[in-house]
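First up is the structure itself, then whatever we jot down about it.
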Amino acid sequence: MIYKDYIRVLYIDLTREKIRIEERKDLTQYMGGVGVASKLLEENMRPELAPLAPEQPIVFAIGALSTIYPVITKTVAMFISPLTGELGESYAGGRMALTMFKAGYDAFVITGSARRPTYLTIAENNVLFRNARAIWGTEQDSAASVIRNYEKGQSGKRSIVRIGVAGENQVSFACVTVDTYRHFGRMGLGTVFGSKFLKALNIVGDRSIPIENFKEYFKVYREIYDKATAIGGPMAKYHDTGTPINVEPLSVSGGLPTLNLRQGSFENAEDVSGEAFAKRHLTRKMSCTGCPVGCIHIGQFRRPFADHGHEYEVLSVGYDYELIFALGTFLGIGNSKDILELIDEVEICGLDAMSTGVVLGWATEALEKGLINVEHHTIVPLRFGEPEGYRKAVHHISNRKNSFYTALGKGVRYVSSEYGGADFAMHIDGNEMSGYHTGYGSLIGMAVGARHSHLCNGGYALDQAMNKDEPINPALMAEALLKEEIERCMLNSLVMCLFARKVYDRPTILKAFAAIGVEMTDDELTAVARRNYATKLRIKKALDYNWEKIQLPKRFFETPSSNGKLDEATAHEVIKEYHLRLAELEAET
């Protein structure tokens, strides 16, 4: 909390419809964001209970510099993942961080389960428990529209955070939508919302806090703003073509997962590249509140809604590299319009796009190999490159159409344990793979990351910097992954957009703090990073995480990566080296 020596936490008990507010001085040592959220999760979780037990908490937190400086726009969610049974951690932009700040809260802790479908209206020093029966069973956009119309009389900034039908039906990789085009995507936060009969949060705030030393603050603000918006600067690519610029280079290098990772390149990469999307579909670039960059790329497509009379509707869809990979190349879809249409169906249902694409990739191959069939399992034919079946299957997953789709909705690790095909079930310890098959860095980075995500440590970047002709050094790879993961535990306490990590180097972070009256040292930033990471490790240990049990599907070692074929024994050697270093960190902290 700016100009305060405490973290202000709102505790919400859905079962009793009670709240309390605490001002926690002890939490300031975690700086904010992921540090505070991890500590609150550790305090409130019940490791002995299932991930969807009512007692399990949902924690949201904003950072020590949220909304005050450019591109520090994110909110972090921490929970027990129903997909992996381990630490759940997800980030979203939009207006949520701003509205939490303006409502006067650094963090929310939500426990219990509502007696009926409920949404919460959260304002400064007040929470209203609203009956959500009328919007239960509706898609997430419709729910948000109803809430906006019903809550018209409120002043200040607003953020509406909600789930779709997939979350209500407790599909294990359901997401939570924030405002428009932003999501808490991975790990199943929407599933946890649904298990608590929690449809939405309507957060409203109008509090204003003057900056005390405005002249010095604005000087630092302007330096950061200019760096973030510089033509050709560290964030220029995110505004220009955006992350889809990665499609063609990754395909050329062999690092673009295609056809359920049967291939590392896609023959139609040019047709689904960032440039192709921009030329054919791009209509608008948007930003999260407080960001001047404009990295959210919105594409449009039209489709008929009647069989006669040339009646068309035009739909706007957000797209990025991860969506093009998961709902495009991974499924062999080589037409950009088809990808946008599939993204729209996933959005309507409220599913995580990456997990959805990966489970459909497994289902397509399992169907080809005869492990499942159309009549008793998929209902619709699933074929690589043919989008129509996938559009229908998305809704079957969301609605848990039959026992097969119920199993598919528990993730590719679970469904392959039931039906076979584990060797081509592309997950890392239960979390569906991301869009990088670049080498040991990407694979092991996901395996050892606290939440099994490529964003834990950016291992794919290590691969891209490697000389592919040099042999892998497991110790050096482990050291580099650990160093980056610890550093991100500090950056995510701000909570900044990781696209801006080259803007916010450590000297800049220290200047930003000093301008609002907080004197910190580089050593203190390191201490925060290590403290926050150690908290995550304690959570994982309490949830019985065991790195020695990590199993990586065979296909990761069969399909060549950007750095050639990977060796399974070498991969496990890197994992071992990583956890040897974790033991040293745990002993130290």
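The values are calculated or read from the model by the stated rules, or taken from the named source; none is laboratory data. If you're wondering where the values come from, they're calculated on a predicted model, not measured in any experiment. Reconstructed Cβ throughout: ideal geometry from the backbone, glycine too, with neighbour counts over all protein chains shown. Keep in mind that these areas ignore ligands, DNA and RNA; they rest on the heavy atoms of the full protein, side chains included. Shrake-Rupley method; radii C 1.70, N 1.55, O 1.52, S 1.80 Å.
Structure data summary
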{"item": "Output for segment 366-387, where each listed residue is within 23 Å of E267 (Cβ to Cβ) and charged (D, E, K, R)", "result": "E368, K369, R383, E386"}
{"item": "Hits in segment 295-314 - residues which are surrounded by 15 or more Cβ atoms within 10 Å (Cβ to Cβ), within 18 Å of R391 (Cβ to Cβ) and in contact with a Phe, Trp or Tyr (Cβ under 7 Å, 6 or more places away or on another chain)", "result": "G299"}
{"item": "Breaking point among (1) modelled with pLDDT of 95 or more; (2) out of contact with any Leu (no Cβ under 9 Å at 6 or more places or on another chain); (3) open to solvent by 40 Å² or more (accessible area, probe 1.4 Å); (4) not hydroxyl-bearing (S, T, Y), for D5", "result": "(1)"}
{"item": "Every pair of residues 6+ apart whose Cβ atoms lie under 7 Å, when the first sits in segment 450-479 and is at positive phi and open to solvent by less than 10 Å² (accessible area, probe 1.4 Å) while the second is assigned to a loop (DSSP other than H, G, I, E, B) and charged (D, E, K, R)", "result": "H452/D429"}
{"item": "Selected residue [touching a residue at least 60 places away in the same chain (Cβ under 8 Å), surrounded by fewer than 21 Cβ atoms within 10 Å (Cβ to Cβ) and in a loop (DSSP other than H, G, I, E, B)] from G370, G334", "result": "G334"}
{"item": "Selection within segment 417-430 - open to solvent by less than 10 Å² (accessible area, probe 1.4 Å), of a type in the set (G, A, S) and more than 11 Å from E365 (Cα to Cα)", "result": "G430"}
{"item": "Near pairs, Cβ below 9 angstrom, 6+ apart or cross-chain, from segment 287-312 (touching a residue at least 60 places away in the same chain (Cβ under 8 Å)) to any residue that is polar (S, T, N, Q) and part of a strand (DSSP E or B)", "result": "T289/S159; I298/T283; I298/S316"}
{"item": "Residue match in segment 438-449 (condition: open to solvent by 20 Å² or more (accessible area, probe 1.4 Å), out of contact with any His (no Cβ under 8 Å at 6 or more places or on another chain) and closer than 25 Å to G233 by Cα)", "result": "no"}
{"item": "Residue ID - surrounded by the most Cβ atoms within 10 Å (Cβ to Cβ), chosen from residues in segment 183-221 that are more than 16 Å from the chain's Cα centre (by Cα) and part of a strand (DSSP E or B)", "result": "K199"}
{"item": "Only one of T177, T111, T121 that is more than 24 Å from V317 (Cα to Cα), open to solvent by less than 10 Å² (accessible area, probe 1.4 Å) and among the polar types (S, T, N, Q)", "result": "T121"}
{"item": "Elements of type helices (runs of 4 or more DSSP H) in segment 88-177, at least 2 residues being free of Cβ contacts under 8 Å to residues at least 40 places away in the same chain", "result": "140-150"}
{"item": "Options I348, I379, I397: the member that is of a type in the set (A, V, I, L, M) and farther than 25 Å from G318 by Cβ", "result": "I379"}
{"item": "Check on E48, touching a strand residue (DSSP E or B) at 6+ places or on another chain (Cβ under 7 Å), among the acidic types (D, E) and surrounded by fewer than 20 Cβ atoms within 10 Å (Cβ to Cβ)", "result": "no"}
{"item": "Some residue of segment 502-525 being in contact (Cβ under 8 Å) with a residue 24 or more places away in the chain, out of contact with any Cys (no Cβ under 6 Å at 6 or more places or on another chain), of a type in the set (D, E, K, R) and closer than 30 Å to K468 by Cα", "result": "yes"}
{"item": "Residue within segment 379-394 that is part of a helix (DSSP H, G or I), over 12 Å from G361 (Cα atoms) and more than 27 Å from the chain's Cα centre (by Cα) present", "result": "no"}
{"item": "Selected residue (only one of K468, K536 is more than 28 Å from P210 (Cβ to Cβ) and out of contact with any helix residue (DSSP H, G or I) (no Cβ under 7 Å at 6 or more places or on another chain))", "result": "K468"}
{"item": "Residue within segment 516-528 that is under 26 Å from the mean Cα position of the chain (by Cα) and crowded, with 17+ Cβ neighbours inside 10 Å present", "result": "yes"}
{"item": "Segments classed as helices (runs of 4 or more DSSP H), wholly inside segment 409-506, with at least 3 members that are under 24 Å from F79 (Cα atoms)", "result": "412-419, 440-448, 474-491"}
{"item": "Matching residues, segment 544-553, being out of contact with any helix residue (DSSP H, G or I) (no Cβ under 9 Å at 6 or more places or on another chain) and either buried (at least 17 other Cβ atoms within 10 Å of the Cβ) or part of a helix (DSSP H, G or I) (or both)", "result": "K549"}
{"item": "Every residue from segment 1-40 that is more than 19 Å from V495 (Cα to Cα) and assigned to a loop (DSSP other than H, G, I, E, B)", "result": "L14, T15, R16, E17"}
{"item": "Helices (runs of 4 or more DSSP H) contained entirely in segment 226-326, each with at least 1 residues that are more than 29 Å from F424 (Cβ to Cβ)", "result": "236-239, 274-280"}
{"item": "Looking only at segment 554-589, and only at residues there that are open to solvent by 30 Å² or more (accessible area, probe 1.4 Å) and part of a loop (DSSP other than H, G, I, E, B), the one that is nearest to G430 (Cα to Cα)", "result": "K554"}
